[in-house]
There are 2 protein chains.
Amino acid sequence: MRGAVIHAPGDVRFEAVDDPKIVHPTDAVIRTAVTCVCGSDLWPYRGAEPIGDPHPMGHEYVGFVEEVGPEVTSVKPGQFVVGSFATSDNTCVNCRNGFQSNCLHREFMSTCQAEYVRIPNAQGTLVATGEVPDEGFWPGLLAVSDVMGTGWWAADAAEVKPGSTAVVVGDGAVGLCGVIAAKEMGAQRIIAMSRHESRQKLAREFGATDIVTERGEEGVERIKELTGGIGADSVLECVGTAEAMRQALHAARPGGNVGFVGVPHEVAIDGQELFFSHVGLRGGPAPVRRYLPDLIDRVLTRRIAPGKVFDQTLPLDQVAEGYRAMDERRAIKTLLKP
Amino acid sequence: MRGAVIHAPGDVRFEAVDDPKIVHPTDAVIRTAVTCVCGSDLWPYRGAEPIGDPHPMGHEYVGFVEEVGPEVTSVKPGQFVVGSFATSDNTCVNCRNGFQSNCLHREFMSTCQAEYVRIPNAQGTLVATGEVPDEGFWPGLLAVSDVMGTGWWAADAAEVKPGSTAVVVGDGAVGLCGVIAAKEMGAQRIIAMSRHESRQKLAREFGATDIVTERGEEGVERIKELTGGIGADSVLECVGTAEAMRQALHAARPGGNVGFVGVPHEVAIDGQELFFSHVGLRGGPAPVRRYLPDLIDRVLTRRIAPGKVFDQTLPLDQVAEGYRAMDERRAIKTLLKP
């Protein structure tokens, strides 16, 4: 089969790779329905993370079960399934505690921009829809497998509550899905920090009540002005840079909460500053599996439409162009169709 | 009147100072019933914090109202009152959010090792007991004004829940009160990290089920052994050093919570490590005022006995010896009687 392989910064190729096979009895193999490029894929693409040997890319997927290992009984060939970028057995103590993305048997997906994908821990990872959903739902379900699940987790970790004020730092797909999540959780005021008109528009469509275009301390000042001088109850940090984290921590009110879901790159948090702020901080890879049944339902009942974050659709064999478009911020997120 | 004044590291003197007066209409003046030395007083005493000009010391107090400003109506002369090291109006938005120690009008107390004390924001800060409690309750109520309130906050910030496992890092008075709080909140297993026999004994008396004497990564390993390999649901960090914070973060299970209440000294938290741990982190100066009515009640009904952390009692004029004894760890906490 064929799949995306990164060779060097800026060099992603669609080429022949080995067909995935059942390796462990807990594996499944799926035929990819749709996949996509993630903001985090841009870290190695931009040379901000080491690449090493050429390797496959992609961790977002929905698809059709092709084959299952002997220990997989929860899904069967032909079913349409949604998973997560982090696989989980969904039975270990960390899974039972709701942190499936910290499963004792976790494997991070990394070969999904391809025609077929092997899914480890398939029993605990994959959730099948009742019937094969219309193709129009596929982008939304694909979003659920990563960016929507991550936006939900950001809002959950930031403890968004009905009637509260939420700030979203980052206007990428995760940040935009964070707006959806904050809205669904009942936030009364949702302030999106964004400089890009198309993203502002989508943020508003998803439920943002205010847009702040300023950044850094200037952006924090604007947030303070909008929140009676004290800051927001909840801040969703959806970037992962030191500047975004600083902005998030400063935008939260005393005793507020920051949920951080951008993988931190060179971020150090000053203990004394955090102390005197009273701000609660929690982050990590989203436990998407915890939210899957609920989020799938919200998509299929058209309550949420996170598939709108895909503003570019390409055939899978043009994956390289997808990376380029996202790198140059011509696209928020690129959907890839095998 | 007379009070404690720090002149230099290791040099605390009991000497004549100005009598406190009503300065603002929201002030009260109290006659000290009992006061004490705090672990955090040892930072400047040990030269770990700059001292500058000689200045009064002390931020823990219970006493009798002597005089109130014209805007103070909630307490009156003669009443026995309990307060907090951080004063608060108890009406501003931060107070209403439950973070009275981040009150917009907050003033930190700093003159309490003295015969009389001016209390700013007296209306919101002081809570009077129904009648003057027996002298036997004074140490417990004094503890409530700081160390017990702080231990409670540590357990609250660490989200201790019924049936959960809690670890307490630090066997000072705050850590020991943290054990009381974890017990009251229903933790099933309470692991105290302590190397000192007298403190271990008190920890057990307060409800600790296990003692870990190892420190650093070795201590973390012991905690993991005691918690099925994953770490504790809640960790109370009651020290404030980089080592203690590291220990606390590593002792928490994936998705667990660390409440940190020791004022951090040169503590930096690595964003990426925190991210992958899924651990929630919240700290700060304890919002003692939030807990005062409840904790006063628990003391007066003999449900808790945090006064036991005072293992040395001295006349106030021997305050210098109190500092020495705590510095040399001959005393856990020294009670001072005017």
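Give me the helices (runs of 4 or more DSSP H) completely within segment A:62-169, filtered to those with at least 1 residues that are within 13 Å of chain B (Cβ to nearest Cβ) and aromatic (Phe, Trp, Tyr), ordered by residue number.
Values: elements: A:93-96, A:122-125, A:138-144, A:147-157.
Those helices (runs of 4 or more DSSP H) span A:147-157.
Consider segment A:102-132. How many of its residues are among the aromatic types (Phe, Trp, Tyr) and either over 16 Å from the mean Cα position of the chain (by Cα) or buried (at least 23 other Cβ atoms within 10 Å of the Cβ) (or both)?
At the first step, the residues of segment A:102-132 found to be among the aromatic types (Phe, Trp, Tyr) are A:108, A:116.
This time we only want the ones that are either over 16 Å from the mean Cα position of the chain (by Cα) or buried (at least 23 other Cβ atoms within 10 Å of the Cβ) (or both), so: A:116.
The qualifying residues number 1.
Sort out which residues of segment B:158-194 are among the small types (Gly, Ala, Ser) and within 20 Å of B:Ile230 (Cα to Cα), and write them in order of number.
Going through segment B:158-194, the residues among the small types (Gly, Ala, Ser) turn out to be B:158, B:163-164, B:166, B:170, B:172-173, B:175, B:178, B:181-182, B:186-187, B:192, B:194.
Hits for segment B:158-194 are B:Ala158, B:Gly163, B:Ser164, B:Ala166, B:Ala182, B:Ala187, B:Ala192.
For (1) closer than 25 Å to B:Val147 by Cα; (2) modelled with pLDDT of 95 or more; (3) of a type outside the set (A, V, I, L, M); (4) out of contact with any Ser or Thr (no Cβ under 8 Å at 6 or more places or on another chain), each residue gets a yes or a no:
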residue: B:Val5; (1), (2), (3), (4): yes, yes, no, yes
residue: B:Ile30; (1), (2), (3), (4): yes, yes, no, yes
residue: B:Gly47; (1), (2), (3), (4): yes, no, yes, yes
residue: B:Pro54; (1), (2), (3), (4): no, yes, yes, yes
residue: B:Met57; (1), (2), (3), (4): yes, yes, no, no
residue: B:Tyr61; (1), (2), (3), (4): yes, yes, yes, no
residue: B:Ser88; (1), (2), (3), (4): yes, yes, yes, no
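Where in segment B:280-338 are the strands (runs of 3 or more DSSP E), entirely inside, with at least 1 residues that are touching a strand residue (DSSP E or B) at 6+ places or on another chain (Cβ under 7 Å) and buried (at least 23 other Cβ atoms within 10 Å of the Cβ)?
Working: elements: B:280-283, B:312-315, B:334-337.
So the answer is B:280-283, B:334-337.
Got a sec? Which of B:Val235, B:Val263, B:Val258, B:Val220 is modelled with pLDDT under 95 and either within 28 Å of A:Asp270 (Cβ to Cβ) or not in a helix (DSSP H, G or I) (or both)? If you could, list the steps in order and put the result at the bottom.
Details: B:Val235 fails: modelled with pLDDT under 95; B:Val258 fails: modelled with pLDDT under 95; B:Val220 fails: modelled with pLDDT under 95.
None of the others qualify; the one that does is B:Val263.
Hey, any hits in segment A:201-213 for a residue that's touching a residue at least 24 places away in the same chain (Cβ under 8 Å), within 18 Å of A:Ala244 (Cβ to Cβ) and surrounded by fewer than 23 Cβ atoms within 10 Å (Cβ to Cβ)?
Scanning segment A:201-213, I find no residue that is touching a residue at least 24 places away in the same chain (Cβ under 8 Å), within 18 Å of A:Ala244 (Cβ to Cβ) and surrounded by fewer than 23 Cβ atoms within 10 Å (Cβ to Cβ), so the answer is no.
Go through segment A:266-279 and give me each residue that's aromatic (Phe, Trp, Tyr) and either more than 8 Å from every other protein chain (Cβ to nearest Cβ) or crowded, with 24+ Cβ neighbours inside 10 Å (or both).
Residues of segment A:266-279 that are aromatic (Phe, Trp, Tyr), as a first pass: A:275-276.
Those that are aromatic (Phe, Trp, Tyr) and either more than 8 Å from every other protein chain (Cβ to nearest Cβ) or crowded, with 24+ Cβ neighbours inside 10 Å (or both): none in segment A:266-279.
Can you confirm whether B:Ala155 is crowded, with 24+ Cβ neighbours inside 10 Å, closer than 14 Å to B:Val299 by Cα and either outside the structural domain of B:Val81 (by TED's automatic domain parsing) or among the polar types (S, T, N, Q) (or both)?
Numbers: crowded, with 24+ Cβ neighbours inside 10 Å: yes; closer than 14 Å to B:Val299 by Cα: no; either outside the structural domain of B:Val81 (by TED's automatic domain parsing) or among the polar types (S, T, N, Q) (or both): yes.
No.
For segment B:209-241, enumerate the residues that are within 17 Å of B:Arg189 (Cβ to Cβ) and within 13 Å of chain A (Cβ to nearest Cβ).
B:Lys224, B:Thr227, B:Gly228, B:Gly229, B:Ile230, B:Gly231, B:Ala232, B:Asp233, B:Ser234
Please enumerate the residues belonging to segment A:154-176 that are touching a helix residue (DSSP H, G or I) at 6+ places or on another chain (Cβ under 8 Å) and farther than 19 Å from A:Ala251 by Cβ.
A:Ala173
Can you tell me how many residues within segment A:85-119 are over 28 Å from B:Ser234 (Cα atoms), of a type outside the set (A, V, I, L, M) and touching a residue at least 60 places away in the same chain (Cβ under 8 Å)?
Final tally of qualifying residues: 6.
Name the residues in segment B:197-217 that are more than 14 Å from B:Ile180 (Cα to Cα) and assigned to a helix (DSSP H, G or I), would you?
Listed by number, the residues that qualify are B:Glu197, B:Ser198, B:Gly216, B:Glu217.
Given the criterion of a type outside the set (A, V, I, L, M, F, W, C) and within 25 Å of the chain's Cα centre (by Cα), identify the matching residue among A:Gly69, A:Gly52.
Numbers: A:Gly69 fails: within 25 Å of the chain's Cα centre (by Cα).
It is A:Gly52.
Out of segment B:186-198, which residues are within 14 Å of B:Gly170 (Cα to Cα) and either crowded, with 23+ Cβ neighbours inside 10 Å or not assigned by TED's automatic domain parsing to the domain that holds B:Ser164 (or both)?
First pass over segment B:186-198, keeping only residues within 14 Å of B:Gly170 (Cα to Cα): B:190-198.
Passing the criteria: B:Ile190, B:Ile191, B:Ala192, B:Met193, B:Ser194.
Is one or more of the residues making up segment B:239-262 in contact (Cβ under 8 Å) with a residue 24 or more places away in the chain, acidic (Asp, Glu) and within 18 Å of B:Thr150 (Cβ to Cβ)?
Checking segment B:239-262: not a single residue is in contact (Cβ under 8 Å) with a residue 24 or more places away in the chain, acidic (Asp, Glu) and within 18 Å of B:Thr150 (Cβ to Cβ).
Of the numbered conditions (1) out of contact with any His (no Cβ under 9 Å at 6 or more places or on another chain); (2) closer than 25 Å to B:Val93 by Cβ; (3) crowded, with 24+ Cβ neighbours inside 10 Å, A:Cys238 fails exactly one; give the number of that condition.
(2)
Check A:Ala244 against each of (1) crowded, with 16+ Cβ neighbours inside 10 Å; (2) at the interface with chain B (Cβ under 8 Å from one of its Cβ atoms); (3) under 24 Å from the mean Cα position of the chain (by Cα) and name the one condition it does not meet.
(2)
Sort through A:Asp270, A:Asp233, A:Asp311, A:Asp297 and tell me the only one that's within 19 Å of A:Cys38 (Cα to Cα) and among the acidic types (Asp, Glu).
Details: A:Asp270 fails: within 19 Å of A:Cys38 (Cα to Cα); A:Asp233 fails: within 19 Å of A:Cys38 (Cα to Cα); A:Asp297 fails: within 19 Å of A:Cys38 (Cα to Cα).
Sole residue among the options that is within 19 Å of A:Cys38 (Cα to Cα) and among the acidic types (Asp, Glu): A:Asp311.
If only one of B:Val288, B:Val263, B:Val258 is of a type in the set (Val, Ile, Thr) and facing chain A (nearest Cβ under 8 Å), which one is it? Steps first, please.
Values: B:Val288 fails: facing chain A (nearest Cβ under 8 Å); B:Val258 fails: facing chain A (nearest Cβ under 8 Å).
On inspection, the qualifying residue turns out to be B:Val263.
Could you check, for segment B:172-180, whether at least one of its residues is in contact (Cβ under 8 Å) with a residue 24 or more places away in the chain, part of a loop (DSSP other than H, G, I, E, B) and closer than 12 Å to B:Glu237 by Cα?
First, pick out the residues of segment B:172-180 that are in contact (Cβ under 8 Å) with a residue 24 or more places away in the chain: B:172-180.
Subsequent filtering for residues that are part of a loop (DSSP other than H, G, I, E, B) retains B:172.
Applying the additional criterion that residues be closer than 12 Å to B:Glu237 by Cα yields B:172.
Within segment B:172-180, one or more residues are in contact (Cβ under 8 Å) with a residue 24 or more places away in the chain, part of a loop (DSSP other than H, G, I, E, B) and closer than 12 Å to B:Glu237 by Cα.
Taking A:Cys103 and the conditions (1) touching a strand residue (DSSP E or B) at 6+ places or on another chain (Cβ under 6 Å); (2) assigned by TED's automatic domain parsing to the domain that holds A:Gln318, which numbered condition does it fall short on, given that it satisfies the others?
(1)
Residue by residue through segment B:133-182, note down the ones that are under 14 Å from the mean Cα position of the chain (by Cα) and acidic (Asp, Glu).
B:Asp146, B:Asp156, B:Asp171
The values are calculated or read from the model by the stated rules, or taken from the named source; none is laboratory data. Computed from a prediction, not measured in an experiment: that's the story for all the values here. Every residue, glycine as well, gets a Cβ built from its backbone with ideal geometry; the counts of neighbours run over all protein chains shown.
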